[in-house]
Amino acid sequence: MPDDIRSPRALATRLLSLLDLTSLGENDTPAQIDALCAAALAAPVPPAALCVYPEHVAGARRQLQGSAIRLATVVNFPDGGGDPARVERETQRALAAGADEIDLVLPYRALLAGDVAVAGAVVRACRAVCSDGIVLKLIVESGELGSAERIRQACAIGLEAGVDFLKTSTGKVSVNATLAAAAVMLDAIAEAGGRCGFKAAGGIRTLADAAAYLELAEARLGAGWADPAHFRIGASALFGELVAAAW
């Protein structure tokens, strides 16, 4: 890791700029999302994006108006269904409400059953709706796929469809982000030329956790590759520690 981000303050500052500040609680209220937006706007460094459920996108859009913080939401979440038409409708509604970024769950159960065609069709349908400037992140649900071979297969589907990020997890299953899965995904990205980004999400709760993924990404793809256009950490619990360390 470069010397200029070895100090806790410098590292926290950098990680804040790479953070997708996330609230995907089943009981999230508009007031809670408003408070999250306010916290993001008051941070010493704004997070890269705020990620909320689709029903909170319009309200968050109003709160974030005029800021550089992007607004992300989830589709096909968390089940990873196999209906391209449903995913297309969900994505269109999210974009109409004001989302800048879409985090799509791969139909990982279909992939586990050997149905690569269904998995690919869903990703392509979502990609077709996401016009220029809309970032598409593909959640491969690496903990459910299990093997490195399956994770590589999921990555290939995303890379072939032209997604902007490969993301580890929904955070809603028993095994979420792991460094082992991240290494497989980052290697796939590197082999494809490094254009696609990477997002680690699920269970990342401390500065040390996040730093491990940042170091791994730069070991695989080079110092400086991990900018907000190529690297994100999806987390909620991490935010407070980063803000405290960055002041």
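Which value, in debye to the nearest 20, gives the size of the charge dipole of the chain about its Cα centre, when Lys and Arg are +1 and Asp and Glu are -1 at the Cβ?
Values: 22 positive and 28 negative charges, 34 e Å.
That gives a dipole near 160 debye.
A 1.4 Å probe run over the chain, with the rest of the protein chains in place, finds 40 Å² accessible per residue.
Each label point was placed 7 Å from the Cα along the Cα-to-Cβ direction; for Leu41 and Ala148 their separation is 4.7 nm. So what is the calculated 222 nm ellipticity per residue for the chain, using -39500 (n - 2.57) for each DSSP H run with n of 4 or more, over all residues, to the nearest 500 deg cm²/dmol? The helix-only estimate for the chain comes to -14500 deg cm²/dmol at 222 nm. The distance between label points at Ala183 and Ala10 comes to 2.7 nm (points 7 Å beyond Cα on the Cα→Cβ vector).
Would you work out if the stretch 122-240 is rounded, prolate or oblate? Take a ≥ b ≥ c from the square roots of the eigenvalues of the alpha-carbon gyration tensor; rounded if a/c is under 1.5, else prolate when a/b is larger than b/c, oblate otherwise.
Values: a/c = 1.35, a/b = 1.26, b/c = 1.08.
Rounded.
Each label point was placed 7 Å from the Cα along the Cα-to-Cβ direction; for Trp247 and Ala96 their separation is 4.3 nm.
Full extension of the chain between Gln65 and Ala223 yields a length gain of 53.6 nm, computed as 0.36 nm times the residue separation minus the alpha carbon distance. Shape of the chain from its Cα gyration tensor (a ≥ b ≥ c, root eigenvalues): rounded if a/c is under 1.5, otherwise prolate when a/b > b/c, or oblate? Oblate is the answer for the chain, as a/c is 1.5 or above yet b/c matches or exceeds a/b.
The values are calculated or read from the model by the stated rules, or taken from the named source; none is laboratory data. Here the structure is a predicted model, which is why all the values come from computation and not from measurement. Cβ: placed from backbone, ideal geometry, glycine included. Neighbour counts: every protein chain shown. Side chains included, ligands, DNA and RNA excluded: accessible areas come from the protein's heavy atoms. Shrake-Rupley method; radii C 1.70, N 1.55, O 1.52, S 1.80 Å.
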